[in-house]
Amino acid sequence: MSQHKPNIKDYLADEAIFYMRHHIQQAGGNEVFFVGKVNAKGVVEAVHVVARGNKMMVPAIIHMVHTGDAVIHNHPSGGLQPSNADAGIASELGNEAVAFYIVNNYVSDIYVVVEPQKPKQIVKLKAKRLQEFLGPQGPLASALENFEARPPQQHMLAQVAEAFNENKISIIEAGTGTGKTLAYLLPAIEWSVRNRERAVVATGTINLQEQLINKDIPLLRATLPLKFRAELVKGRTNYACKRKLQEIQSQPDLFSEFNQRQELNTIIDWAQKSPDGSKSDLGFLPSEAVWEKIQSESDTTLRTKCPFYNECFFYNARRRAASADVLIANHHLLFADLSVRGETGGSSEVAVLPKYQRIIFDEAHDIEEVASSYFGAATSYHAFLRVIHKLYRIKDTKQTGLLPYTMAKLQRRAGTVTRTLLDKFREQIDGICEPALVNFEHDLAGLMERLFAWGASKRQNEYDETKIRLTPALTRDRLWQEIITKHVSVFLKSLRDNVEAVDKVIKLLETAEHYLGGEANSLAVDLNAQANRLLDMATQTEQVLLGDDENNIRWLEMKSSRWGNVVRLRSAPLDIAPILQKTVFEKFPTVIMTSATLAVGKSFRFLEERLGLQALKPERRNSAALASPFDYGRQVLLAIPRDMPDPNQAGYSRALQQSLSRVLHISQGRAFILFTSYGLLNQMYNALSGELAERGILALKQGTEGRHQLLERFKKNVGAVLFGTDSFWQGVDVHGEALECVIIPKLPFRVPTEPVIEARVEAIDKRGGNSFMEYSVPQAVIKLKQGFGRLIRRKTDFGAIVIFDNRIVTKRYGQVFLESLPECRTVVGTSEEVFDEMTKFYRAQRG
């Protein structure tokens with residue numbers, strides 16, 4: 001009776017097979033020991049090499065094997081029967097629920113010694129046991145000096161565990177110092193390992209990602225008895241593409257301008273040595289124009305047909321991520337993945353991240369804004385130019401781009417390519433495509449200049465950047481209608497004609513495969529990617545300029561620069577809630593949303609309404625507001641001079657300048673001044689920087705150098721003052737004597753004429769709501785809480801929060817702001833009374 005031969009693809013995914021085959025070949029056909037990640041269907045979806053041996057044996061390195069994994073090795077002889085040593089190891093690992101396979105060198109046949117663990121019942125988290133880990137007698141207490149058990153942290157852990165166990169959507173406001181990262185990492189790791197369900201932790205800032213990867217996860221690896229894998233996932237374009245680097249190296253004249261050569265050569269040298277291949281490993285920040293030429297991209301990959309597939313920087317990172325229990329990503333990457341999966345029906349082939357089942361949003365106060373940008377449309381004049389120039393560019397008689405590169409490749413094979421085929425390429429590329437792209441670039445410039453001129457006639461201020469919302473009333477304008485009917489239609493036809501012309505080159509490449517081999521496929525993929533990008537941009541252009549869907553907000557962004565006029569076309573959903581329900585809350589059983597700033601007053605109603613959580617059944621939701629362990633009553637003085645002019649009054653700027661000077665004298669610098677606009681920031685910086693310099697106080701201004709560099713200078717120069725706006729309100733951690741004062745000139749209301757804000761305000765008012773109290777005030781409250789949170793980062797920190805906007809005490813809505821802040825000592829009075837109290841406070845704190 002013949003034995004049933006198993007189908008290898010029931011046990012190994014194609015990518016795993018290809019990877020193993022390659023590494024066995026690289027090892028000279030000797031034995032190689034692999035560890036594989038088994039998915040819920042029992043198929044190994046990712047593998048990595050652990051050891052290499054000889055023709056007879058290989059070291060079995062089993063300490064790297066986790067419950068639920070599969071270990072695989074090859075028998076060079078082709079006989080797949082397990083040896084006695086194989087059977088012994090298989091028995092040991094099988095008792096730990098680890099599968100054991102033997103394959104031939106070509107990885108076409110498989111002998112299954114131990115079957116993969118079948119899906120089992122969900123292993124629920126035991127919150128009490130996890131809480132003990134964070135308790136006074138737990139492993140963390142032994143590992144860390146000055147460890148303090150924190151009841152809010154343990155409360156949060158229990159809340160997260162409940163959300164995992166009961167498939168809930170959870171909102172948790174955890175005050176600064178709660179220790180929220182460990183409170184969600186512990187349950188996430190335990191759940192992912194025990195249940196083979198990957199969790200993704202998405203953060204809003206790089207700072208928090210670095211804390212998770214460099215501090216929290218290493219700490220848990222050292223103290224948790226459970227072995228786990230966690231990986232930081234970066235966007236694909238962060239990685240260099242080896243194929244593109246090779247192509248540029250072979251014909252640099254056709255891919256780069258002279259002034260880019262040195263930078264490209266440096267990157268080529270670096271890529272030959274770099275184990276990681278990501279931009280952060282480069283050692284310097286490359287110019288956007290150069291990096292764009294060599295970055296890995298989803299639409300230009302050859303996948304398994306690429307000669308560099310097995311050493312590809314991106315795919316190696318992706319394999320590591322596919323083997324991880326927990327992924328660390330940023331909000332943008334997660335929403336990019338959710339957006340792509342929504343468009344493609346969940347296809348993993350084009351997905352940004354490996355498949356995951358549970359989501360944790362840290363810094364969740366930004367979700368609505370980030371999601372809105374990813375589920376909208378965005379294109380620009382310069383985005384179009386980048387694609388056009390990737391195809392063809394002529395500058396100072398020098399031709400660059402994919403089309404000249406294709407022609408050059410063919411001409412180098414002139415001895416083998418038939419004259420007829422060469423003539424067809426020359427006619428299509430030189431005679432049709434390149435002249436058509438030159439004309440299209442001219443049409444593009446004409447359309448964008450007309451849009452800019454129309455927008456300039458409508459703008460109501462002279463700020464650097466203007467945003468004009470395309471409302472039905474505005475687009476009935478005669479000039480707008482003329483642009484749409486006469487120029488947009490011509491532009492879109494020209495675009496599609498160009499795509500058609502490039503498609504004909506791609507079809508010719510199919511016939512040239514005999515002469516060019518794999519290069520024909522490489523060229524076709526690159527050309528097809530640019531053609532598809534142009535079609536996507538056509539769709540986005542139509543959506544913004546021609547759309548009339550009331551569910552979408554459409555606007556133009558315009559700015560003059562030294563490189564010419566910049567025009568961007570943008571759209572965003574009016575209401576993100578239905579999209580989040582469909583792509584997140586209905587698809588994922590557990591979603592945790594946490595931040596130090598989610599509640600307005602004592603309520604989560606604002607967040608729940610904006611994200612559509614109120615549509616979920618009450619039993620599917622839980623929430624908690626956990627106080628910070630900091631003693632704000634002792635550490636903070638909230639100072640509010642009530643005799644300041646109203647921010648909308650003419651005398652406000654002058655009074656602010658004088659008051660800032662006084663406060664910075666009292667605080668001895670050591671301050672963040674958090675503005676809501678660049679206009680007021682520049683005005684105050686220009687007025688005060690000279691005076692501060694005379695006092696020996698370094699004044700730093702956002703925009704003069706990178707955010708990271710500014711922060712480092714601020715920390716090193718104790719007594720410095722940083723004039724900052726939006727990005728310094730959150731995600732910044734400065735503790736100790738460098739920061740002892742946070743000054744807020746105005747309550748952080750969003751600009752009411754911002755297209756998205758304006759449209760959402762109108763929608764609330766239209767349905768009979770009060771947009772100011774339902775939307776504008778809660779947004780500003782969350783932002784103020786973010787600014788407040790910059791001050792106290794440790795139990796030893798102290799300082800003053802100074803608010804120079806008297807509306808917080810003179811308007812009824814001001815009470816909502818005050819009730820939302822942590823309880824602390826508050827001084828409201830005349831400027832002199834407030835400054836006197838501040839002087840006493842600092843004297844007492846500094847001793």
- Message: Expected output is a single nm value to one decimal: the length gained when fully extending between D10 and N214, i.e. 0.36 nm times separation in residues minus the C-alpha distance. What is it?
- Response: 69.7 nm
- Item | Summed side-chain charge close to Y19 - residues other than Y19 whose Cβ falls under 14 Å, Lys, Arg +1, Asp, Glu -1 | +2
- Sparse-neighbourhood loop sites, trypsin sites (Lys or Arg not before Pro) in the stretch 413-505 - DSSP loop, at most 10 other Cβ within 10 angstrom: R476
- Between the alpha-carbon centers of the stretch 4-64 and the stretch 746-782, tell me the distance in whole angstrom. 56
- Cut-off of 10 Å, at most 16 other beta carbons, DSSP loop: longest stretch of the chain lacking such chymotrypsin sites (Phe, Trp or Tyr not before Pro): 564-812
- Distance in nm between pseudo-label sites at V751 and T223 (7 Å out along the Cβ direction from Cα): 4.6
- Task: Please compute the net charge surrounding H665, taking Lys and Arg as +1 and Asp and Glu as -1 over other residues with Cβ under 11 Å from its Cβ.
- Result: +1
- Long-range amide H partners of L638, meaning residues 5 or more apart or on another chain whose placed amide H is closer than 5 Å, are I801, R825, T826, V827
- Task: Apply 1/(1 + (r/R0)^6) to the Cβ-Cβ distance of N551 and N167, taking R0 = 35 Å, and write down the FRET efficiency to the nearest 0.05.
- Result: 0.75
- Ranking N310, W291, N552 by how far each Cα lies towards the positive end of the charge dipole of the chain (+1 on Lys and Arg Cβ, -1 on Asp and Glu Cβ), the top one is N310
- Item | Interatomic Cα distance distribution for the stretch 378-561, bins of 5 angstrom, percent | 1, 7, 15, 18, 15, 12, 10, 8, 6, 4, 3, 1, 0
- Item | Charge dipole (debye, nearest 20) of the chain; +1 at Cβ of Lys and Arg, -1 at Cβ of Asp and Glu | 600
- Query: Where both partners of a DSSP beta bridge lie in the chain, what percent of those bridges are antiparallel, to the nearest 5?
  - Reply: 40
- For the chain, which whole-number percentage of the solvent-accessible area (1.4 Å probe, protein heavy atoms only) is attributable to carbon and sulfur atoms? 49
- Item | Antiparallel DSSP beta bridges within the stretch 1-128, percent to nearest 5 | 70
- Message: So if I place +1 on the C-beta of Lys and Arg and -1 on the C-beta of Asp and Glu, and nothing else carries charge, what would the dipole magnitude of the stretch 485-527 be about its Cα centre? I want it in debye, nearest 20.
- Response: 380
- Task: Loop only per DSSP, at most 14 neighbouring Cβ atoms within 10 Å: give me the GluC sites (Glu not before Pro) in the stretch 772-847, ordered by residue number.
- Result: E823
- Considering only Cα-Cα distances, which of the following residue pairs are longer than 26 Å: K41/K215; K128/K227; K9/K124? K41/K215; K9/K124
- Message: Using a Förster radius of 25 Å, what is the FRET efficiency between E311 and Q249 based on their Cβ-Cβ separation? Nearest 0.05, please.
- Response: 0.95
- With N denoting the number of residues in the chain, provide Rg(C-alpha) divided by 2.2 N^0.38 Å, to two decimal places. 1.06
- Task: Determine the per residue accessible area of the chain with all protein chains present and a 1.4 angstrom probe, expressed in square angstrom.
- Result: 45
- Query: Of the GluC sites (Glu not before Pro) in the stretch 419-470, which ones lie in a loop per DSSP and count no more than 13 other C-beta atoms within 10 Å?
  - Reply: E462
- Message: Is there a quick way to get the dipole size of the stretch 632-846? I mean about its Cα centre, with the Cβ of Lys and Arg at +1 and of Asp and Glu at -1; what is the value in debye to the nearest 20?
- Response: 460
- Query: Summing Lys, Arg as +1 and Asp, Glu as -1, what charge do residues with Cβ under 11 Å from the Cβ of Q154 carry, Q154 excluded?
  - Reply: +1
- Per residue, the convex hull enclosing the Cα atoms of the stretch 8-114 spans a volume in Å³ of 81
- Tell me, in nm to one decimal, what length is gained between L385 and Q581 on full extension, where the rule is 0.36 nm per residue of separation less the Cα-Cα distance? 66.9 nm
- Message: Given the options H487, I803, H382, identify the residue whose Cα lies farthest towards the positive end of the charge dipole of the chain (+1 on Cβ of Lys, Arg; -1 on Cβ of Asp, Glu).
- Response: I803
- Options L125, L93, Y111, ranked by Cα towards positive dipole end of the stretch 66-131, top entry (Cβ charges): L125
- Kirkwood radius from Cα pairs of the stretch 395-483 plugged into Stokes-Einstein at 4 °C, 1.567 mPa s, gives D in µm²/s equal to 76
- Relative pair counts by distance (%), Cα atoms of the stretch 632-846, 10 Å bins: 8, 35, 38, 16, 4, 0
- Message: Could you check the spin-label model distance between Y813 and N648? Points 7 Å from the Cα along Cα→Cβ, value in nm.
- Response: 1.0
- With each pseudo-label sitting 7 Å past Cα toward Cβ, what's the A627-K795 distance in nm, one decimal? 1.6
- Using a Förster distance of 51 Å, how high is the FRET efficiency between L479 and E712, based on the Cβ-Cβ distance and rounded to 0.05? 0.55
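The values are calculated or read from the model by the stated rules, or taken from the named source; none is laboratory data. Fair warning: this is a prediction, and the values are worked out from it, not measured in the lab. Virtual Cβ from ideal backbone geometry, glycine too; neighbours counted across all protein chains shown. SASA here: full protein model, heavy atoms, side chains in, ligands and nucleic acids out. Shrake-Rupley method; radii C 1.70, N 1.55, O 1.52, S 1.80 Å.
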